1. Where does helix 216-234 land angle-wise versus the long Cα axis of the chain, in degrees 0 to 90, nearest 10?
2. What FRET efficiency, computed as 1/(1 + (r/R0)^6) with R0 = 41 Å and r the Cβ-Cβ distance, is obtained for Arg63 and Leu191, rounded to the nearest 0.05?
3. Among the aspartates and glutamates, which have Cα under 20 Å from the Cα of Lys255 when same-chain residues fewer than 8 positions away are ignored?
4. Please report, as a whole percent, how much of the solvent-accessible surface of the chain comes from carbon and sulfur atoms (probe radius 1.4 Å).
5. Which of the cysteines found in the chain have nothing to pair with, since no other Cys Cβ lies under 4.7 Å from theirs?
6. Hey, got a sec? Which trypsin sites (Lys or Arg not before Pro) in segment 63-133 land in a DSSP loop and have at most 12 other Cβ atoms within 10 Å?
7. Pull up the cross-link candidates among the lysines for Lys345, meaning alpha carbon to alpha carbon under 27 Å and not fewer than 8 places away within one chain.
8. To the nearest 500 deg cm²/dmol, what mean residue ellipticity at 222 nm is calculated for the chain from DSSP H runs of n ≥ 4 alone, each contributing -39,500 (n - 2.57), summed and divided by the residues?
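The values are calculated or read from the model by the stated rules, or taken from the named source; none is laboratory data. Fair warning: this is a prediction, and the values are worked out from it, not measured in the lab. Cβ atoms come from the backbone with ideal geometry, glycine included; neighbour counts cover every protein chain shown. What goes into the accessible areas is simple: the full protein's heavy atoms, side chains included, and nothing from ligands, DNA or RNA. Shrake-Rupley method; radii C 1.70, N 1.55, O 1.52, S 1.80 Å.
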Amino acid sequence: MDPQELAVQEFQSRFGAAPPLIVRAPGRVNLIGEHTDYSDGFVLPMAIDRAIWIALRARDDGRVVAHTLDLDDTTEFALEALKHADGGWSEYLKGVAWSIQQEGYAIGGWEGVLAGNVPIGAGLSSSAALELATARAFAAVSGLPWDPRTMARICQRAETDWVGMRCGIMDQMISAAGEAGHVLLIDCRSLRTKLVPLPPGAVVAVLDTGSRRGLVDSAYNERRAQCEAAARFFGVPALRDVSLAELEARAPELKSHLGEVIHQRARHVVTENIRTLDAAAAMERGDVIALGSLMDASHVSLRDDFEVSGKELNVMASCARRTDGCHGARMTGAGFGGCAVALVKAEATESFSVSVAACYEDATGRPSEITICRPAPGAEVVARSGPSPGMTR
Ligand code: GLA
């Protein structure tokens, strides 16, 4: 049964009626533009056909009561007295409730059941999917206008200021603003977006290494601080403002002031921004060969300069690259574990999946999961019965 049906069934058995509202928000895979969003750079993700659904109905007592089928856990809290607890999934719900209220909106409570199929901690943005689904639920019961950019910012603030992960805006933006059949080029400074079609005859394969790393948050925050230090050295708001020529010209000075590691971090961001814009242009021309090589180069830069890959991700990317029908492959998401992404000839999908899985298992002794993902729409109300409430702000 798909997660939407599961959520509906569980809602019915817990609350004794059909849910008047169903919302969903997708996970994402990033084709290129990794660790550039918090330097105000460019990213090229797509929302995937894996998501979190919430079947729900409004409550009029200002409380949220939510049950998640994936973790078999229930949370309950009052909107006017939000308190931090010891981490866990409900912090994302509270964080979104807090952040929407910070924005000046009055919101109502709801009760509902969550179910999803975005693997947790695999680099496919299960947290952004949870945040955006929650925001969609609050917006639907409270009659808030749905502006994807505003909601993405609200959800990002939930994660940075409530949960404590200093993430960029990419995951929330794509989960909010994804479009079926398209990849989105996002300028993470202006939040301007451009829809880019997947090249004809090519599909996106998500290659889950099965590895999950616990230390991602601290390594992530450290990378972000290093990028900020490099931007301060150049006297600019973010590394987005540094050209390759300027980086090269001032490299010796940068290395002597802040060390080789900071230079490498800056080099990754500056070159990755160039690769991402080149990749979007290659997609528009339908040039899969160019796009594939840019993905390969991105992996090398993340592995050697930004140092956020890991053994399993390196093995997976090289297994993919050596297999017939693969145009290019790289790690995707924050890194250290989780998933790689490959661009594959549509007609080679099956043999590609079998060969890559065998190659990866030979090298690591581990099984993997290879899925072809299609670009899906962003957060939405899937079904609603009854009138929508008016807006209060
Ligand atoms: C995580 C963060 C994003 C982005 C990626 C790396 O997914 O949530 O903001 O920084 O890592 O590109």
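1. 60
2. Numbers: r = 33 Å, r/R0 = 0.80.
That gives a FRET efficiency of 0.80.
3. Glu222, Glu228, Asp241, Glu246, Glu272, Asp304, Asp305, Glu307
4. C and S atoms contribute 50 percent here.
5. Within the chain, the cysteines lacking a partner Cβ under 4.7 Å are Cys155, Cys167, Cys188, Cys227, Cys326, Cys339, Cys373.
6. Details: sites: Arg63, Lys83, Lys94; in loops: Lys83.
Here the sparse-neighbourhood loop sites are Lys83.
7. Result set, ordered by chain and number: Lys194, Lys311.
8. Values: 11 runs with 166 residues, N = 393.
Theoretical 222 nm ellipticity from helices: -14000 deg cm²/dmol.
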